[in-house]
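The values are calculated or read from the model by the stated rules, or taken from the named source; none is laboratory data. These figures come from a predicted structure and were not determined experimentally. Cβ atoms come from the backbone with ideal geometry, glycine included; neighbour counts cover every protein chain shown. Only protein heavy atoms, including side chains, enter the accessible area calculation; ligands, DNA and RNA are left aside. Shrake-Rupley method; radii C 1.70, N 1.55, O 1.52, S 1.80 Å.
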Amino acid sequence: MKRPAALMALILAAVAACSAEEPVASPTQAATTAPSQSPAQSETATPSPTGPPAFTSKVREVKRDDVPYSWRPGCPVPLSGLRLITLTYWGFDDKAHTGELIVNKSVTDDIVTVFKQLYGWKWPIKRMELVDVFKGDDFDSIDANNTSAFNCRAATGSSNWSNHAYGLAIDINPQQNPYVTAGGSVAHDNAEDFKTRPLDEPGVINGRDRVVKAFEKVGWEWGGYWSGTKDYQHFSKGGG
């Protein structure tokens, strides 16, 4: 009976060969012995932002529903002469925001040019909403430190139309840049600490600073240069 003995010898040789090979790790052993990987190493990393969102602006015609309080028949500029600009501005919270301004259609390029520069400098603006959010009330808009432009109203202390009524003026950060009478008083309590110049504070406009120069390059004048009364928040095309 040699054949069974030979078969048994062959089986024993095969078993010995298998036991000499590397053992196969179980899933648990593989997880324990594999080198650790961070999420960044195991997945494709998403590039981090290198800066704030890009400045954007959009200009469109003004609809009657846009200006339920700030425009009415008899205003010196028809609705067709106004434009609504939606643009990016930099906030006091160091974040990008989207605001709205209504201006004369002849100066949309001026406004976009200047506010693109302000955004690039991260020069802060508190808020930027249409004065209609405040039912056209200039006092309430200013008290809320709101940057706004068009409002069909008379000039302060006058019966004549303001440049705001033509969409040719803008008030920026009125708390930090108040209207100061020749006697040194302000109408808003929250502006009391900002009535002197020069003043090194965020959102403040000083004479000959880069904000003033940016507006001057597009032909706008600053109310901070007025004699007597100073209107530090105010820029207008052609003055007034």
Flagged in segment 88-102 as within 8 Å of the chain's Cα centre (by Cα) and either aromatic (Phe, Trp, Tyr) or open to solvent by less than 20 Å² (accessible area, probe 1.4 Å) (or both), in numbering order, are THR88, TYR89, TRP90, GLY91, GLY99
When segment 220-240 is checked residue by residue, the ones that are open to solvent by 40 Å² or more (accessible area, probe 1.4 Å) and either in contact (Cβ under 8 Å) with a residue 60 or more places away in the chain or under 26 Å from the mean Cα position of the chain (by Cα) (or both) are GLU221, LYS237, GLY238, GLY240
Per the list (1) modelled with pLDDT under 95; (2) open to solvent by less than 60 Å² (accessible area, probe 1.4 Å); (3) within 30 Å of ARG210 (Cβ to Cβ), residue check on MET128 breaks on (1)
If we ask which residues in segment 182-196 are over 15 Å from TYR225 (Cβ atoms), part of a loop (DSSP other than H, G, I, E, B) and open to solvent by 50 Å² or more (accessible area, probe 1.4 Å), their number turns out to be 5
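Restricting attention to segment 90-117, which residues are part of a strand (DSSP E or B), farther than 15 Å from GLY167 by Cβ and touching a Lys or Arg at 6+ places or on another chain (Cβ under 9 Å)? Even if it seems obvious, please write down each step before you answer.
Applying the first criterion (part of a strand (DSSP E or B)) to segment 90-117 yields 90, 96-104.
From what's left, farther than 15 Å from GLY167 by Cβ: 90, 96-99.
Matches in segment 90-117: TRP90, HIS97, GLY99.
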